[in-house]
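Asks: Take a look at the following structure, please.
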Amino acid sequence: PKATSLATAEFATLRLRLLKVAARVIETASRIRVAFASACPDAGVFKAIATSLRPAPT
């Protein structure tokens, strides 16, 4: 993500901050929800990534 502090981060930093996150995944028939802990410092980054990857409405 270009607009975040992780834009120039090394791979090890990305792995530690983005891949090693505990979250609850709730799957329904029409959507998948991810619930982060209230103290998750990078929840905003995950939201920005998910929003940018979402397909355009048809």
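Asks: For Leu53, tell me the accessible area in Å² from a 1.4 Å probe, rounded to the nearest 10.
Replies: 130
Asks: Moving on to the next point. Sorting check: for 37-45, 23-31, which peptide has the highest mean count of neighbouring beta carbons within 10 Å, and how do the rest follow?
Replies: Peptide ranking by packing, descending: 37-45, 23-31.
The values are calculated or read from the model by the stated rules, or taken from the named source; none is laboratory data. Please read these numbers as outputs of a predicted model, since none were measured by experiment. Glycine gets a Cβ as well: all are built from the backbone with ideal geometry, and neighbour counts include every protein chain shown. Ligands, DNA and RNA are stripped out before the accessible areas are found, and what is left, the full protein with its side chains, is counted by its heavy atoms. Shrake-Rupley method; radii C 1.70, N 1.55, O 1.52, S 1.80 Å.
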